[in-house]
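Here the structure is laid out as structure tokens; the discussion comes afterwards.
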Amino acid sequence: MKISGFTFVRNAVKFDYPVVAAITSILPLCDEVVVCVGKSEDDTLALIESIPSGKIKIVHSVWDDSLRKNGKVLAVETDKAFDAVAADADWAFYIQGDEVVHEKYLPVIKQAMEQYKNDHRVEGLLFKYVHFYGSYDYVGDSRMWYRHEIRVVRNDKAIRSYRDAQGFRKNGKKMHVKEIDAVIHHYGWVRNPYYMRAKQSNFERLYHEKITVSADELYDYSNVTSLKLFAGTHPQVMQERINQQDWDFTFNTKKKNFSLKDKLLYFIEEKTGKRLFEYKNYIII
């Protein structure tokens, strides 16, 4: 069984993405990791080149920033990386620059790849998600945070990145997937408030011509509906970054700024584990 990893990145240094941790976290499973490096305003290329592994395969790219509808440019860059994976790879493991896989899940992921390798009804593997917010101590627990997404797909070029690269579809249709007991740690909302504001300002440019977020202000992490304390452990590849946290953030986890409707839905989910009316860009088999 051959496994290729793939990702894309641009301006990772400027916006403080944990992309080295992201890539490093999947390296033990992969025979190669394709990194589509966009032309950047910083030392992103040198950062990727500094990863001490012969498995890294760099593809150079120039982003088309005019592709703003639904953040389409992110899907285009994802597809560039996917198209560059080895032709004989059985599976392709997608990781974004702010996502990290805990080492304890690597055996689970490999076992699922082996189990479903010859079962072509299974077009991808579905992961659970934990979304960190404000610091490494808090995670989002409201309906605004998606709970699952596809991160392993077959090496089938009928599969394309969907919308703004959150998930995938095959021939434009929802993919048939198996849910596995593995979690993606998403750190997209954890960085120094200065870098967070700059990152959000840049992110708006990928969707809109008119920018409303100033890159020069500090990000206000307090404007969130609900959080809970994280009770687990972080991936080892994130520990150095966690030790270097240089800002403070605390949140009253009893505070729930919900509408009446959202309060009821939150209560039902807490009691039953079921999220009513949940959007799913996949079909679980």
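The values are calculated or read from the model by the stated rules, or taken from the named source; none is laboratory data. As the structure is a computational prediction, the values presented were derived from the model and not from experiment. Reconstructed Cβ throughout: ideal geometry from the backbone, glycine too, with neighbour counts over all protein chains shown.
Within the stretch 247-275, the residues that satisfy the criterion of being part of a helix (DSSP H, G or I) and surrounded by 12 or more Cβ atoms within 10 Å (Cβ to Cβ) are D262, K263, L264, L265, Y266, F267, I268, E269. Suppose we filter the stretch 129-161 for residues that are surrounded by fewer than 20 Cβ atoms within 10 Å (Cβ to Cβ), part of a strand (DSSP E or B) and of a type in the set (A, V, I, L, M); how many remain? Going through the stretch 129-161 one residue at a time, the tally reaches 1.
Per-residue answers, yes or no, for (1) at pLDDT below 95; (2) basic (K, R):
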{"site": "I150", "(1), (2)": "no, no"}
{"site": "V153", "(1), (2)": "no, no"}
{"site": "A165", "(1), (2)": "yes, no"}
{"site": "H176", "(1), (2)": "no, no"}
{"site": "A182", "(1), (2)": "no, no"}
{"site": "K199", "(1), (2)": "yes, yes"}
{"site": "F203", "(1), (2)": "yes, no"}
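Residues of the stretch 167-182 that are within 21 Å of I23 (Cα to Cα), crowded, with 17+ Cβ neighbours inside 10 Å and of a type outside the set (G, A, S): F168, I180.
For the stretch 227-246, the condition of being buried (at least 16 other Cβ atoms within 10 Å of the Cβ), aliphatic (A, V, I, L, M), out of contact with any Cys (no Cβ under 9 Å at 6 or more places or on another chain) and outside any helix (DSSP H, G or I) holds for at least one residue.
State whether one or more residues within the stretch 69-84 are of a type in the set (S, T, Y) and buried (at least 19 other Cβ atoms within 10 Å of the Cβ). Yes; the residues of the stretch 69-84 include at least one that is of a type in the set (S, T, Y) and buried (at least 19 other Cβ atoms within 10 Å of the Cβ).
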